[in-house]
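Below: the structure, in structure tokens.
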Amino acid sequence: MEPLALYIHWPFCLRKCPYCDFNSHVREGIDQDAWREGLLRELRHEAARLGPRPLASIFFGGGTPSLMPPATVAALIEEARRLFPAPSDLEVTLEANPTSVEAARLAEIRAAGVNRLSLGIQALDPAALRFLGREHSAAEAVAALETGRAIFPRLSFDLIYARPGQPEAAWRAELRQALALAADHLSLYQLTIEPGTRFATEYARGAFALPDPDEAARLYWATVEEAGRFSLAPYEISNYAQPGAESRHNLAYWRYGDYLGIGPGAHQRLLLGERMLATRRHRAPEEWLARVTRQGHGTAEEEELLPADRAREALLMGLRLAEGIDPARIATRSGLTLAEATDPAMLLACIEEGYLEWTEAGRLRATDEGRMRLDAMLPVLLR
Ligand SMILES: C[S@@+](CC[C@H](N)C(=O)[O-])C[C@H]1O[C@@H](n2cnc3c(N)ncnc32)[C@H](O)[C@@H]1O
Ligand code: SF4
């Protein structure tokens, strides 16, 4: 049976970062008891619909889940384990911000059952941290990293690069400093301007510029090269790991597996028999909480995805991975064979142009060139 990945969203932050369009909000006075009960209720609601299914991973994302009361984290992990059969080495990740306040709580978070920490370091350069509007200094970030490494069996951290005016040499130096502190996993994102953020407004009025596509590509290859020196390979466009240290939870998304999404704005995909159900929760924290309290779940929308939609999603996710896609799995998960889902002439053209390739194991994979052009390639590839 397809194992489940469980995502739990905590929508609160101490401050909103100017680049971030995640479902995160600044709120005074959170009713912690109501939030714990709400998340538990929605989890139970989904478990009752699904029945017993093996659980492979839990991911606390946000927002800033390191601000959750550790007792809430513990209650959710315990309840998930009660509702679903899970292996003893269940992967349980929590995203944390590296302020000193949160670093002081890491031991409690570990004791709650989290065994993988994902720290949002973002930059090690003080000017960049100020530009990104972060609440922590570079020294705090390094301290949180060292504390995290001592406490958690697995640890990853995020950096944002391709920042305005960032020279390649400076990024290489910053990345090397980060790599020396890294464990076996890193997420390295290029800065994107997301609609509706403060950066979108500032960028539109010309307050800063971003590297052009050629420069961004050079920075990407510099990143792959530097990470490679530390045996960290890009198993996904922005994610680097030593073999075996990949995030099992995120792999479930990219391999188009089944996942539950609990909490405001969370998404869920479940293949039930022949039907794929896509579910989305209310985004606004108060709206979500009111609905869960009233009716046991905060679902805003649930629809059945057509085979063509499923194939599109599965290809979009799977071609981000260095391992590529298994055509047999695409057929099982979408209901369409690769030949039915794609335009054969376009598939051939993408291979001839060097954007896609077949592996010896019979998987279809994007080449380095192709992976950088996925958004443009998929619309022409799909029927
Ligand atoms: C949900 S957020 C992080 C969690 C945590 N609150 C934090 O800020 O450390 C996940 C990650 O997405 C990345 N991210 C968010 N917005 C981004 C943007 N506009 N461009 C590039 N990376 C972004 C950041 O690296 C961030 O750590
Ligand atoms: S980047 Fe993290 S801390 Fe900043 S607003 Fe987004 S979720 Fe919150």
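For the residues T201, T367, T223, a GNM of the chain with alpha-carbon springs under 10 Å puts the largest fluctuation on T201.
Legend: calculated FRET efficiency, T337 to I193, from the Cβ-Cβ distance at R0 = 45 Å, rounded to 0.05, equals 0.75.
Taking only DSSP H segments of four or more residues, each worth -39500 (n - 2.57), what value at 222 nm results for the chain once the sum is divided by all its residues, to the nearest 500 deg cm²/dmol?
Values: 17 runs with 164 residues, N = 383.
Value at 222 nm, helices only, nearest 500: -12500 deg cm²/dmol.
Summing Cβ point charges (Lys, Arg +1; Asp, Glu -1) relative to the Cα centre of the chain gives a dipole of roughly 780 debye.
Rolling a 1.4 angstrom probe over the protein heavy atoms, how many square angstrom per residue are accessible across the chain?
Values: 16560 Å² over 383 residues.
It amounts to 43 Å² per residue over the chain.
Per-peptide packing, taken as the mean over residues of other Cβ atoms within 10 Å, places 132-140, 202-210, 310-318 in the sequence 310-318, 132-140, 202-210 from highest down. The GluC sites (Glu not before Pro) of segment 331-375 that DSSP puts in a loop, and whose beta carbon has at most 15 other beta carbons within 10 Å, are E353, E360.
Residue separation of R49 and R283 scaled by 0.36 nm, minus their Cα-Cα distance, works out to 82.0 nm of gained length.
If you count the DSSP beta bridges with both ends in segment 4-252, what percent of them are antiparallel, to the nearest 5? List each step's numbers first, then the result.
Numbers: 6 of 34 bridges.
About 20 percent, rounded to the nearest 5.
Using a simple spin-label model with pseudo-atoms 7 Å out from Cα toward Cβ, E323 and A180 lie 3.4 nm apart. Comparing mean-square fluctuations of D212, D343, D184 from a GNM of the chain with C-alpha springs under 10 Å, the top value falls on D212. The distance linking segment 315-334 with segment 283-298 is 34 Å (Cα centroid to Cα centroid, whole angstrom).
Ranking H9, A173, W358 by Cα position along the charge dipole of the chain, where only Lys, Arg, Asp and Glu carry charges on their C-beta atoms, puts H9 farthest toward the positive end. Please report how far the C-alpha centroid of segment 14-46 lies from that of segment 212-256, rounded to the nearest whole angstrom. Value for the Cα centre distance between the two parts: 29 Å. Within the listed set L181, L106, L145, the residue fluctuating most in the Gaussian network model of the chain (springs between alpha-carbon atoms under 10 angstrom) is L181.
The values are calculated or read from the model by the stated rules, or taken from the named source; none is laboratory data. Here the structure is a predicted model, which is why all the values come from computation and not from measurement. Because the Cβ atoms are built from the backbone with ideal geometry, glycine has one as well, and the counts that use them run over all protein chains shown. To get the accessible areas, we keep the full protein, side chains included, count just its heavy atoms, and leave off ligands, DNA and RNA. Shrake-Rupley method; radii C 1.70, N 1.55, O 1.52, S 1.80 Å.
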